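Quick notes on the structure that follows.
Computed from the coordinates by the stated procedures, all read-outs in this text should not be read as laboratory data. Worth saying up front: this structure is predicted, and the values here are computed from it rather than measured. Cβ placement follows ideal geometry from the backbone for every residue including glycine, while neighbour counts extend to all protein chains displayed.
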There are 2 protein chains.
Amino acid sequence: MMKTISLIQFGLGGVGRALVERVLAARDEFEWRYGLHVRYIALCDSRSAAIDLDGFSFTQLRRMLAAKEQGQSLEDLEFGYKRESLEDIVDIAGGEDVVVVDVTASDETTPALLLALERGYAVVLANKKPLAGSFETFRQLTQSGRLRYEATVGAGVPVIATLREAIIPSFDRVFRIEGCFSGTLGFLTTGLEEGRLFSELVREAQELGYTEPDPREDLGGMDVARKALILARTLGWPLELKHIPVESLFPADMSSGSVQAFLQALPRLDESYRQKVEAARTRGHTLRYVARLADGAATVGLREVPKESALGQLRGSDNLAAFHTEVYNQTPLVLQGRGAGVHGTAAGVLADIIALVR
Amino acid sequence: MMKTISLIQFGLGGVGRALVERVLAARDEFEWRYGLHVRYIALCDSRSAAIDLDGFSFTQLRRMLAAKEQGQSLEDLEFGYKRESLEDIVDIAGGEDVVVVDVTASDETTPALLLALERGYAVVLANKKPLAGSFETFRQLTQSGRLRYEATVGAGVPVIATLREAIIPSFDRVFRIEGCFSGTLGFLTTGLEEGRLFSELVREAQELGYTEPDPREDLGGMDVARKALILARTLGWPLELKHIPVESLFPADMSSGSVQAFLQALPRLDESYRQKVEAARTRGHTLRYVARLADGAATVGLREVPKESALGQLRGSDNLAAFHTEVYNQTPLVLQGRGAGVHGTAAGVLADIIALVR
């Protein structure tokens with residue numbers, strides 16, 4: 001017995017396009033493995049949309065991907081149009097067994113997601129923003145049990161699933177979670193450990209496309225803080241983002257001004273980072289940018305960790321989560337792997353879609 | 001709305017007792033968190049059983065645990081009796097929302113498990129044997145989707161869930177899985193790396209209770225081979241145990257004779273292991289007892305691995321699984337943690353129970 005699953009997707013950036021590709025590639029496998037026929041009934045980019053309640057064809061989806069890759073908008077295609085709100089899209093593109101997928105980085109999708117849940121649809125997020133707003137909104141979004149958000153922390157590395165489906169239901173007690181949840185900051189701290197200059201590493205990360213166009217968005221730590229907040233709330237802690245002390249890797253007086261000016265001023269931080277690395281080394285430690293959850297509170301910042309610890313052994317841009325619990329009391333339960341990149345994120349989203357509809 | 005879940009448990013050894021304790025401790029939490037009322041309607045040890053279709057009381061369960069800890073049998077209690085087959089138990093102790101839990105190490109539970117599945121019950125295994133028989137039996141047991149077996153590999157470390165619920169449904173392609181799935185052999189290889197003698201390490205492992213009373217059961221590698229077989233079959237590979245080359249850590253001529261004679265003969269292996277460790281070291285490698293799955297085949301044995309690899313960095317008795325896939329192509333997705341012990345195993349079983357009944 002085949003079940004038809006209809007996807008509504010918000011977002012056609014890198015992750016969004018990787019997800020469409022993955023769904024197209026997986027269609028046959030999902031039919032024989034899970035008895036699921038997966039199709040798209042609506043796709044939206046930042047200003048336009050395309051809807052077909054009978055499901056878009058392979059050719060139409062390929063044309064959308066091609067258009068987006070060329071920097072066009074969906075409204076440039078004959079079946080696309082300039083959209084109003086995302087709620088309108090959810091309103092029009094309904095049906096049975098609908099999954100709404102938010103792979104944007106927008107903080108404006110929440111009303112449409114709540115409407116989708118109200119209609120009984122399932123929701124999958126790679127977008128952290130809706131879950132990093134107020135705790136009340138987090139509660140509203142998650143209380144139905146029809147929303148999953150694996151890709152918001154560690155991309156495809158099953159950090160959230162391990163917490164929600166292995167640790168919590170086994171009646172284990174979480175004492176502490178520590179993790180590195182930024183590939184960019186992992187690249188930087190590994191480079192610092194190797195004796196390289198902070199300014200040089202930031203420039204290289206920017207040139208390699210590891211950072212946002214303005215690297216301050218990564219170096220400020222807010223993205224990691226949102227992930228820590230999502231983990232804390234998953235544990236049931238009613239935290240707000242403002243409760244999480246976030247250590248920025250640059251001083252406040254460098255937060256205004258152009259990217260160019262920021263990069264030029266960076267070398268004045270080099271000596272201070274060199275000293276921190278050296279001080280850590282004398283204690284057998286190394287520096288990592290760590291999210292730490294313990295005793296109902298979360299903190300995010302540069303920390304000295306023992307070189308021999310899981311965090312200390314982490315190299316490069318991999319993410320890592322270490323769960324210290326009653327069961328994992330002598331050594332933590334550790335998950336590690338590529339925690340960023342469009343393919344890992346799309347993989348995490350797809351696993352969530354299948355989990356929700358099976 | 002509260003749902004009542006009725007457990008039938010085969011096995012009241014260390015894991016079985018830890019599971020009963022955990023269920024008792026978790027009862028209130030399961031009610032408020034998941035709306036589940038979890039109770040026991042039948043428990044069996046190797047020769048007796050106790051059944052109460054209304055669910056055993058806290059006091060009765062405590063008395064069973066106390067009796068077992070004192071080496072008694074359930075039939076020594078006034079509500080226990082000498083049982084016939086386990087199928088009889090499944091036959092008598094039926095009802096709605098029943099979960100049969102196999103925490104024995106027996107190869108004789110399969111008919112009762114198949115009967116339970118036929119009745120529409122869910123089944124959770126910590127026992128590897130039923131899944132390590134013929135591939136046809138594996139298929140029969142797993143095809144309904146109502147059987148889970150997280151604790152058979154890596155105890156509570158979510159190795160099976162990651163494969164079944166993160167990697168496979170995300171349409172990722174598995175190139176290779178490598179892992180260390182024996183805490184005992186991890187203890188030995190870490191000790192060898194530190195320059196200790198093989199014979200001394202085996203004696204210490206036996207004295208610490210890390211090995212079976214006859215340490216050859218661990219050193220022979222069959223337990224690891226069964227885990228590799230279960231992982232391979234989870235990937236859909238139709239392997240049989242006899243297809244897996246298993247390297248024993250002692251020569252065939254030491255496989256008969258008393259445990260005492262075995263331990264006395266062990267020092268003759270010391271020099272050979274010392275040389276292997278030394279040879280590995282000159283190449284920047286170290287020795288690990290590795291299960292390896294690739295290209296439809298599995299092997300189990302002592303391997304040289306790079307010291308810098310995830311397997312090479314593993315210390316002591318922790319288990320580790322490294323998934324090399326299309327998404328995790330530069331560095332593997334790694335899971336690591338305590339892979340043995342009654343509490344980790346009971347935790348894995350309990351997470352499976354909740355996953356099946358939610």
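Listed values, structure above:
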| read-out | value |
| --- | --- |
| Pairs beyond 27 Å (Cα-Cα), from B:Lys227/B:Lys276; A:Lys128/A:Lys242; A:Lys3/A:Lys128; B:Lys3/B:Lys68; B:Lys3/B:Lys128 | A:Lys3/A:Lys128; B:Lys3/B:Lys68; B:Lys3/B:Lys128 |
| C-alpha center-to-center spacing [segment A:229-282, segment B:259-331] in angstrom | 40 Å |
| Projected area, mean over directions - segment B:242-358, Cα convex hull, nm² | 11.2 nm² |
| Per-residue Cβ neighbour rank within 10 angstrom, fewest leading, A:Ile8, B:Ile354 | B:Ile354, A:Ile8 |
| D_trans [Stokes-Einstein, Kirkwood Rh over alpha-carbon pairs] for segment B:96-161, 37 °C, 0.692 mPa s, µm² s⁻¹ | 277 µm²/s |
| Dipole-positive endmost among A:Tyr149, A:Ser256, A:Ser170 within segment A:128-274 (Cβ charges, Cα centre) | A:Ser170 |
| 10 Å-binned pair-distance histogram of segment A:144-219 (Cα, whole percent) | 16, 34, 26, 19, 5 |
| Copies compared at B:Gly95 - label distances in nm, ascending, label defined 7 Å from Cα in the Cβ direction | 4.3 |
| Cβ neighbours within 10 Å from other chains - mean over A:153-160 | 3 |
| Cα Rg over Rh - segment B:174-337, Kirkwood | 0.97 |
| Values of log10 I(q)/I(0), in the order q = 0.12 Å⁻¹, for chain B under a Debye, Cα-only, solvent-free model | -0.92 |
| Sequence ranges B:278-287, B:226-235, ranked by mean other-Cβ count within 10 angstrom, highest first | B:226-235, B:278-287 |
| Within segment B:149-180: backbone nitrogen closer than 18 Å to the B:Trp237 label point (7 Å, Cα to C-beta) | B:153-154, B:159-165, B:167-169, B:172-180 |
| Debye log10 I(q)/I(0) at q = 0.10 Å⁻¹ for the protein assembly as shown, Cα point scatterers | -1.05 |
| Partner chain coverage, peptide B:314-323 - average Cβ within 10 angstrom | 2 |
| For segment A:12-19, Karplus couplings with θ = phi - 60° (6.51, -1.76, 1.60), whole Hz, Gly/Pro x | 10, x, x, 5, x, 5, 4, 5 |
| Exposure proxy order (Cβ contacts within 10 Å, fewest to most) of B:Met222, A:Met1 | A:Met1, B:Met222 |
| Nonlocal amide H pairs with A:Tyr210, under 5 Å, H built at 1.01 Å | none |
| Given charges at Cβ of Lys, Arg, Asp, Glu: chain B dipole, positive-most of B:Gly209, B:Leu311, B:Trp32 | B:Leu311 |
| Computed magnitude of the charge dipole of segment A:174-338 (debye, nearest 20; Cβ of K, R +1, Cβ of D, E -1) | 320 debye |
| Cleavage-rule hits, GluC sites (Glu not before Pro), segment A:119-223, DSSP coil, Cβ neighbours within 10 Å at most 12 | A:Glu194 |
| Averaged over B:341-353, number of beta-carbon atoms from partner chains that fall within 10 Å | 4 |
| Residue-averaged 222 nm ellipticity for chain A, from DSSP H runs of 4+ at -39500 (n - 2.57), nearest 500 | -11500 deg cm²/dmol |
| Long-range HN-HN contacts of A:Val290 with modeled amide H, under 5 Å | A:Gly301, A:Leu302, A:Arg303 |
